[in-house]
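Structure first, then comments.
The values are calculated or read from the model by the stated rules, or taken from the named source; none is laboratory data. Here the structure is a predicted model, which is why all the values come from computation and not from measurement. Note that each Cβ is placed from the backbone with ideal geometry, even for glycine, and that neighbours are counted across all protein chains shown. Accessible surface areas use protein heavy atoms only, side chains included; no ligands, DNA or RNA. Shrake-Rupley method; radii C 1.70, N 1.55, O 1.52, S 1.80 Å.
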Amino acid sequence: MRVATETKTAAERLVQRKHLLGLEEMTKEEILLILDTAKSFKEIFTRSVKKVPTLRGKTVVNLFFENSTRTRTSFEIAAKRLSADVVNFSVSTSSVTKGETLLDTARTIEAMGADFIVMRHGTSGAPWFLSRRNRAAVINAGDGTHEHPTQGLLDAYTILEHKKRFEGLKVVILGDISHSRVARSNIWALTKLGAQVTICGPRTLIPSSFADYGVRVSYDLKEAISDADVINLLRIQLERQQRNLFPSIREYRLLYQINEQRLAMAKPDVLIMHPGPINRGVEISQEVADGPHSVILEQVTNGVAVRMAVLYLLAGSRGLDEAEED
Amino acid sequence: MSILIQNGRVIDPASGRDEAMDVLIEDSKIARVAKGIQANADETIDAKNKIVAPGFVDMHVHLREPGREDKENIHSGTRAAAAGGFTSVCAMPNTTPVCDTAQGLQFLASRARDNAVVNILPVAAVTVGQAGEAIVEFGDLVYYGAVAFSDDGNPIMNAEIMCRALEYTSMFNVPILDHCDNVDLSKDGQMRSGANSVRLGLKGIPPASESSQVARDIDLAQYTGGRVHICHVSVRQSVRHVANAKKSGVNVTCEATPHHLTLTDAAMEGYDANFKVNPPLGSEDDRRALIEGLRDGTIDCIATDHAPHTDMEKDNVMTEAPFGVIGLESAFPVLYTDLVLTGEIGLNLLLEKITIAPSRILNLKKGTLAEGADADIVVLDLDEEYAIDPQKFFSRSHNCPFVGKQVKGRPVATIVGGRVVFRDGQIVT
């Protein structure tokens, strides 16, 4: 594997970065370096042996305080394709309430000799907390309603693969922005990369203060998606309706569902993205989810490549690359 | 027993006095305040280049005894107070069990007799068990020494209960210390809602969760003639409500904390739970409103809301860590450094807000250097510069948001009832 040399300053910076916590704190160059590295890893996927020895002898622990089969599996495959040993450490929230704090759990895992901790936690900021207290490299696999950096990176990667650029692209992020870590990581990545980002949804789910960061805020779907190059849909969760953040799934569908009729308002080559899992018939119609504009499964494939790139680059920063072979 | 404090700059906001004078203490009272006092005192304190002021009064302190002595107790909490220049502290009733009966007050008094080095002014609960359902025996509790009532930490959501409590306590001329928070609006919140909470992904607490309750309770005080004191005001809209109420003659007073006066929600950036407080740190505009309120008198006094929590509890992710910070040992240096030395308010106004102002709200004959008053006095060195280090605190807890902050100003002697209890960094017993 070779790291692209044209972004050497970014490579140097990333080499100094010990953890991948969030995209807000990363530079455009660092993000582009990860996307570029992911591209070389994706090429491996077409080979019959989809494995490189880069992380041989290293241990990656998936520490998930919230259920997530997709993200956990994606990290697991990424780590295994780099020849790392992978352990899944699932912690139900009930064992935390039994008295073991995150700190105790993390120390236990550290004592077992983990090199990487891939963590998902229900509390925003938990990976920052952990990274200050632990020797292992921490990769944020989603923290509360804050960030999900590898999702933001794989979304950016997917957009770049199709559109070949970010500058001037109109990207609409649609749905529950308030409670979405995917939205935040997308916003930071895409605005840094030069795309024009619009967030759209019911006012109770749209934090208007994102306007301070150059994001367009809209409550009107038709206005938001006209001429859009990309529409990234977020999952609508029933519990939000139960807290009266919107009146009903029916009304949400009426106002904000992307169906074929509405798709026609966007650009003819619009990309439809979704981090999954999809609520078919709620935020997205069956036809659109399975239609020609949808790149939802490509996102999943790209997720593995992006996560390999992140593990690889962080390993370099930690002097873990002695196992690397040409 | 007599003590002569010589050559200090005596500042007594109650009388407006601010000049170089001596103070003579005989037994537990202030005997004389004059220039060049000649007296054969048992002890002499040289206060040259120092400030001599009334001992500070803190209306809002959680001593945690009984129940959570691992966080603080009367022994440690009153030592922290003395080291911070406080000679009287209100003990909040949210202990285990809640202080809602005369027995609770008697327990506190007996523990104070054995362990306290400053005056403890007990605050009793407004409702039984602070459950917000049944009002306590206010009359009996006043008889046994309660100076005020509060369900602090458990805001009284039921307006009828609040109305009855204000009406009933108006018979005794004691204030209800009112933690204003509409818990329906603040539920699960971690910090003040705004651009920073959105960015950090932490659930926001809207300013209206405080200010709407402030408005409600001002209206109830106006209607009942009861006395409401709004605790730890933190948002501009609350300051507005209080200012308007005072203009129309409502019996309302309020306090602000050192942390709300000097910090903003930007401090939440690093996800450090030592900045997680209730009410949460506000915006810079809110902070400006509090400082303006101090100047124009809308904000009557400063209280610390000293809320000790163990390292273990605070060293956790944001949603798991409890609300609250300690304040007794950092209050004066932080306020002096960030408000007085920056020119926001004068030293005399600061001293007024932590001496005579809270004393008046609580109907105490304290917070003054008048001859005949209780000899509760602090001597302050304004020149000493140092970094705040909670590991050196007398408090059992370290949850201080000012760790490492460079400050000026430190109490060098604290006298309670004519007895030196703190001198040059040491507790004297």
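Candidates in region A:210-244 are the residues that are buried (at least 17 other Cβ atoms within 10 Å of the Cβ) and in a loop (DSSP other than H, G, I, E, B); of these, the one that is farthest from the other protein chains (Cβ to nearest Cβ) is A:229. Per the listing B:353, B:405, the residue uniquely touching a residue at least 24 places away in the same chain (Cβ under 8 Å), of a type in the set (D, E, K, R) and in contact with a Cys (Cβ under 7 Å, 6 or more places away or on another chain) is B:353.
Name the single residue that is nearest to residue A:302 (Cα to Cα) among those in region A:189-205 being within 13 Å of chain B (Cβ to nearest Cβ) and either charged (D, E, K, R) or surrounded by fewer than 24 Cβ atoms within 10 Å (Cβ to Cβ) (or both). Show your work before the answer.
Residues of region A:189-205 within 13 Å of chain B (Cβ to nearest Cβ): A:191, A:199, A:204-205.
Adding the requirement that they be either charged (D, E, K, R) or surrounded by fewer than 24 Cβ atoms within 10 Å (Cβ to Cβ) (or both) leaves A:191, A:204-205.
On the way: A:191: 20, A:204: 32, A:205: 28 Å.
For region A:189-205, the residue satisfying everything is A:191.
Looking for something touching a residue at least 40 places away in the same chain (Cβ under 8 Å), among the hydrophobic types (A, V, I, L, M, F, W, C) and either assigned to a loop (DSSP other than H, G, I, E, B) or not assigned by TED's automatic domain parsing to the domain that holds residue B:390 (or both) - is there at least one such residue anywhere in region B:64-76? The answer is yes, given that some residue of region B:64-76 is touching a residue at least 40 places away in the same chain (Cβ under 8 Å), among the hydrophobic types (A, V, I, L, M, F, W, C) and either assigned to a loop (DSSP other than H, G, I, E, B) or not assigned by TED's automatic domain parsing to the domain that holds residue B:390 (or both).
Restricting attention to region B:241-258, the residues that are touching a residue at least 40 places away in the same chain (Cβ under 8 Å), assigned to a helix (DSSP H, G or I) and over 20 Å from residue B:343 (Cβ atoms) add up to 3.
Criterion first (within 30 Å of residue A:21 (Cα to Cα), at pLDDT 95 or above and open to solvent by less than 50 Å² (accessible area, probe 1.4 Å)) does residue B:263 satisfy it?
Working: within 30 Å of residue A:21 (Cα to Cα): yes; at pLDDT 95 or above: yes; open to solvent by less than 50 Å² (accessible area, probe 1.4 Å): yes.
For residue B:263, the condition - within 30 Å of residue A:21 (Cα to Cα), at pLDDT 95 or above and open to solvent by less than 50 Å² (accessible area, probe 1.4 Å) - is met.
Entry remark, region A:161-201: residues being in contact with a strand residue (DSSP E or B) (Cβ under 9 Å, 6 or more places away or on another chain), among the basic types (Lys, Arg) and part of a helix (DSSP H, G or I) number 3 in total.
Would you check which residues across region B:39-50 are open to solvent by 10 Å² or more (accessible area, probe 1.4 Å) and either assigned to a loop (DSSP other than H, G, I, E, B) or outside the structural domain of residue B:421 (by TED's automatic domain parsing) (or both) and list them? Outline the logic, then answer.
Just the residues of region B:39-50 that are open to solvent by 10 Å² or more (accessible area, probe 1.4 Å), to begin with: B:39-44, B:46, B:48-50.
The answer is B:39, B:40, B:41, B:42, B:48, B:49, B:50.
Output the residues belonging to region B:23-38 that are touching a residue at least 24 places away in the same chain (Cβ under 8 Å) and either open to solvent by 10 Å² or more (accessible area, probe 1.4 Å) or under 25 Å from residue B:364 (Cα atoms) (or both).
Filtering region B:23-38 for residues touching a residue at least 24 places away in the same chain (Cβ under 8 Å) gives B:23, B:25-33, B:37.
Hits for region B:23-38 are B:23, B:25, B:26, B:27, B:28, B:29, B:30, B:31, B:32, B:33.
Checked against (1) part of a helix (DSSP H, G or I); (2) open to solvent by less than 10 Å² (accessible area, probe 1.4 Å); (3) within 28 Å of residue B:85 (Cα to Cα); (4) touching a Phe, Trp or Tyr at 6+ places or on another chain (Cβ under 9 Å), residue B:294 passes all but a single condition, namely (4). Of the residues making up region A:109-160, those that are within 14 Å of chain B (Cβ to nearest Cβ), in a strand (DSSP E or B) and either modelled with pLDDT under 95 or on the phi < 0 side of the Ramachandran plot (or both) number 7.
When you look at residue B:304, is it in contact with a strand residue (DSSP E or B) (Cβ under 7 Å, 6 or more places away or on another chain), touching a residue at least 60 places away in the same chain (Cβ under 8 Å) and buried (at least 24 other Cβ atoms within 10 Å of the Cβ), yes or no? Taking the combined requirement at face value, the residue satisfies it. Against the test of being in the same structural domain as residue B:196 (by TED's automatic domain parsing) and at pLDDT below 95, the options B:317, B:325 yield a single qualifying residue, B:317.
Just to check your reading of the model, which residue among B:153, B:129, B:225, B:145 is modelled with pLDDT under 95 and in the same structural domain as residue B:294 (by TED's automatic domain parsing)? Even if it seems obvious, please write down each step before you answer.
On the way: B:129 fails: modelled with pLDDT under 95; B:225 fails: modelled with pLDDT under 95; B:145 fails: modelled with pLDDT under 95.
Going through B:153, B:129, B:225, B:145 in turn, just one is modelled with pLDDT under 95 and in the same structural domain as residue B:294 (by TED's automatic domain parsing): B:153.
Consider residue B:378 carefully, then state whether it is in contact with a Pro (Cβ under 7 Å, 6 or more places away or on another chain) and either assigned by TED's automatic domain parsing to the domain that holds residue B:326 or aliphatic (A, V, I, L, M) (or both). Walk me through it before giving the result.
On the way: in contact with a Pro (Cβ under 7 Å, 6 or more places away or on another chain): yes; either assigned by TED's automatic domain parsing to the domain that holds residue B:326 or aliphatic (A, V, I, L, M) (or both): yes.
Spelling it out, residue B:378 is indeed in contact with a Pro (Cβ under 7 Å, 6 or more places away or on another chain) and either assigned by TED's automatic domain parsing to the domain that holds residue B:326 or aliphatic (A, V, I, L, M) (or both).
Out of all the residues in region A:280-308, which are open to solvent by 30 Å² or more (accessible area, probe 1.4 Å) and assigned to a loop (DSSP other than H, G, I, E, B)?
Correct list: A:290, A:292, A:293.
Only one of these is on the phi < 0 side of the Ramachandran plot, open to solvent by 90 Å² or more (accessible area, probe 1.4 Å) and not in a helix (DSSP H, G or I): A:277, A:268. Name it. Lay out the reasoning, then the answer.
Working: A:277 fails: open to solvent by 90 Å² or more (accessible area, probe 1.4 Å).
Within the list A:277, A:268, the selection yields A:268.
Condition first: among the β-branched types (Val, Ile, Thr) and touching a strand residue (DSSP E or B) at 6+ places or on another chain (Cβ under 6 Å). Now tell me which residues in region B:350-376 satisfy that. Listed by number, the residues that qualify are B:354, B:355, B:361, B:368. If you check residue A:257 against the conditions, is it within 27 Å of residue A:69 (Cβ to Cβ), out of contact with any helix residue (DSSP H, G or I) (no Cβ under 8 Å at 6 or more places or on another chain) and either surrounded by 17 or more Cβ atoms within 10 Å (Cβ to Cβ) or modelled with pLDDT of 95 or more (or both)? Against the criterion (within 27 Å of residue A:69 (Cβ to Cβ), out of contact with any helix residue (DSSP H, G or I) (no Cβ under 8 Å at 6 or more places or on another chain) and either surrounded by 17 or more Cβ atoms within 10 Å (Cβ to Cβ) or modelled with pLDDT of 95 or more (or both)), residue A:257 qualifies.
Scan region B:247-267 and tell me whether some residue there is within 14 Å of another protein chain (Cβ to nearest Cβ) and not hydrophobic (A, V, I, L, M, F, W, C). Checking region B:247-267: at least one residue is within 14 Å of another protein chain (Cβ to nearest Cβ) and not hydrophobic (A, V, I, L, M, F, W, C).
Taken across region B:85-103, residues that are over 20 Å from the mean Cα position of the chain (by Cα) and surrounded by 20 or more Cβ atoms within 10 Å (Cβ to Cβ) do occur, with at least one present.
Taken as a whole, the structure places residue B:20 among residues that are open to solvent by 10 Å² or more (accessible area, probe 1.4 Å) and either hydrophobic (A, V, I, L, M, F, W, C) or within 29 Å of residue B:174 (Cβ to Cβ) (or both). Against the conditions (1) farther than 21 Å from residue A:197 by Cα; (2) without any contact (Cβ under 8 Å) to a residue 40 or more places away in the chain, where does residue A:245 fall short? Just the number, please. Only one criterion in (1) farther than 21 Å from residue A:197 by Cα; (2) without any contact (Cβ under 8 Å) to a residue 40 or more places away in the chain is unmet by residue A:245, namely (2).
Under 8 Å between Cβ atoms, at least 6 apart or on separate chains: pull out the pairs that start in region B:367-384 with a residue that is among the polar types (S, T, N, Q) and end on any residue that is in a loop (DSSP other than H, G, I, E, B). Short answer, once both residue conditions are applied: B:368/B:14; B:368/B:15; B:368/B:355.
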